[in-house]
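Asks: Just passing along the structure, written as structure tokens.
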Amino acid sequence: MATSIEHEDSCEQEDTAEEPKAPKIRDTPEDIKLEAIVNTIAFHPNQDILAAGDIDGDIYLKVLFSSDGQKLYSVSKDKAVHIMDVEAGKLVTRIPKAHEVPINAMLLVDENIFATGDDEGTLKVWDMRRGTSFMDLKHHDDYISDITVDQAKRILLTASGDGTMGVFNIKRRRFELLSEFQNGDLTSVCIMKRGRKVVCGSGEGKIYIFNWNGFGATSDRFAVQAESVDCIVPITDNILAVNVLPNRVLGSVGQHVGMSIEEIAQSRDTRFLASCAHDELIKFWDISSLPDMKVNDYRRRKKTDRRLKALSNKAFDTGQNFFAGLVDTTEENSKKEEEEEEEDDSDSDSGSD
């Protein structure tokens, strides 16, 4: 009996002597598992808060924080616009029957103005001071997938499932023009290169590039081996998920293996990307090194290694990458690319009425 007691005491002393393990420090937040497919996400502009909408119950198709983070806007299949008080977690404004058909896209222009686009191609621009829309225009033949606005808050650009980009003047409250038709749906739109370039993703796996004030026809197109480019987010003025000029895929950020990406969003401190997909997960990716990436470094690497670099420690080079198989397919020579860059950088900034 004495021997047994001594042995137990010895074990207790050994356990006590073990140093506690240091907590593991993660590079990114943990994945968030939900009970339904998440189809929209948005970061709070001032706090570490993430909003998400799913297809279970209330079907939110888009959620956006106001610039001060105090309000959360959402649109859904019920054709209504909802505005919530973030701090109180309560609905403060609801615009029922904002459109005649489900709303698919939304953009906050400023603290009073926002725009919505629906499944049949109608664009509305709203003034919350009056509680009504002051623009109600239909120039697309199919759904509006995305909306963006220039820095002057004057020109709205829309991407549509009919394969065109629309140009609308908020100040003059009028439609300007449609781009030429592309082969597939245009799924997303953003402005890059200090307002000199407009980039559209497409359902055919291509990225289309327009010059500002040259909206009628594309200036370039960038083919990638992907079924669809459904969402694009500017990381810097030159980098989306791919480099806009000279049109190169830089690498893989992360992956939802075998799943379609619904939306991506950038955190307020620009350190993380969040993504949601059909696996009912919200994942986070460290992109803090991307602003320092140089295109020339990529060119040198490509000469010796055809594989794309993993751009975060959670990404891998094989299998399904963040953009479902995004691989560089363009083959222009480096000299031509450098000449294009120099020509673009010499362009003067221009606006539109």
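The values are calculated or read from the model by the stated rules, or taken from the named source; none is laboratory data. In this text, all values refer to a predicted model and were calculated from it rather than measured experimentally. Ideal geometry is used to build each Cβ from the backbone, glycine not excepted, and the neighbour counts take in all protein chains shown. Remember, those area values only see protein heavy atoms, side chains included, never the ligands or the DNA or RNA. Shrake-Rupley method; radii C 1.70, N 1.55, O 1.52, S 1.80 Å.
Asks: Among 271-280, 148-157, how do they line up by average Cβ neighbours within 10 Å per residue, starting with the highest?
Replies: Ranking, from highest mean packing down: 271-280, 148-157.
Asks: Using packing as a proxy for protection, rank 102-109, 284-291, 90-97 so that the peptide with the highest average count of other Cβ atoms within 10 Å comes first. Intermediate values should be presented prior to the final figure.
Replies: On the way: 102-109: 21.0, 284-291: 17.8, 90-97: 11.6.
So the order, starting with the most tightly packed, is 102-109, 284-291, 90-97.
Asks: For region 103-136, state which trypsin sites (Lys or Arg not before Pro) are in a DSSP loop and have at most 12 other beta carbons lying within 10 Å of their beta carbon.
Replies: In loop regions of region 103-136 (DSSP not H, G, I, E or B), the sparsely surrounded trypsin sites (Lys or Arg not before Pro) are ARG129, ARG130.
Asks: Taking N as the number of residues in region 109-178, what is its Cα Rg relative to 2.2 N^0.38 Å? Spell out each step's value before the answer.
Replies: Working: Rg = 11.2 Å, N = 70, 2.2 N^0.38 = 11.1 Å.
Region 109-178 yields a ratio of 1.01.
Asks: State the extension gain, in nm to one decimal, for the chain segment bounded by ASN46 and SER219, taking 0.36 nm per residue of separation less the distance between their alpha-carbons.
Replies: Between ASN46 and SER219, full extension yields an extra 58.6 nm.
Asks: Between VAL257 and VAL92, what is 0.36 nm times their sequence separation minus the Cα-Cα distance? Round to one decimal in nm.
Replies: Length gained, VAL257 through VAL92: 55.5 nm.
Asks: Quick check on region 68-138: take the gyration tensor over C-alpha atoms, sort the square-rooted eigenvalues as a ≥ b ≥ c, and tell me if it's rounded (a/c under 1.5), prolate or oblate.
Replies: prolate
Asks: Near the amide H of TRP212, under 5 Å away, which other amide H atoms are found, from residues 5 or more places off or on another chain, if H is placed in the peptide plane?
Replies: It is LYS197, VAL198, by chain and number.
Asks: Using label points projected 7 Å from each Cα along Cα→Cβ, tell me how many nm separate PHE134 and LYS171, to one decimal.
Replies: That separation, rounded to one decimal, is 1.4 nm.
Asks: Hey, another quick one. Say R0 is 30 Å: what FRET efficiency, to the nearest 0.05, do ASP110 and PHE181 get from their beta-carbon distance?
Replies: With a Förster radius of 30 Å, E is 0.40.
Asks: Using the Karplus curve 6.51 cos²θ - 1.76 cosθ + 1.60 with θ = phi - 60°, work out ³J(HN,Hα) for each residue of region 206-211 in order, rounded to whole Hz, and write x for Gly and Pro.
Replies: Calculated HN-Hα couplings, in order: 10, 10, 9, 10, 10, 7 Hz.
Asks: Now for a different question. Starting from the Cα-Cα distance between SER289 and ASP85, subtract it from 0.36 nm times their residue separation and give me the gain in nm to one decimal.
Replies: Working: separation 204, 0.36 × 204 = 73.44 nm, distance 3.45 nm.
Going from the current span to full extension adds 70.0 nm.
Asks: With a 1.4 Å probe and every protein chain kept in, tell me what percent of the accessible surface of region 75-232 is carbon plus sulfur.
Replies: That share works out to 43 percent.
Asks: Around THR40, under 11 Å between beta carbons, what's the net of Lys plus Arg minus Asp minus Glu among the other residues? Provide the component values of the computation, followed by the final result.
Replies: Details: positive: LYS62; negative: ASP54, GLU262, GLU263.
That sum, taken over residues with Cβ under 11 Å, equals -2.
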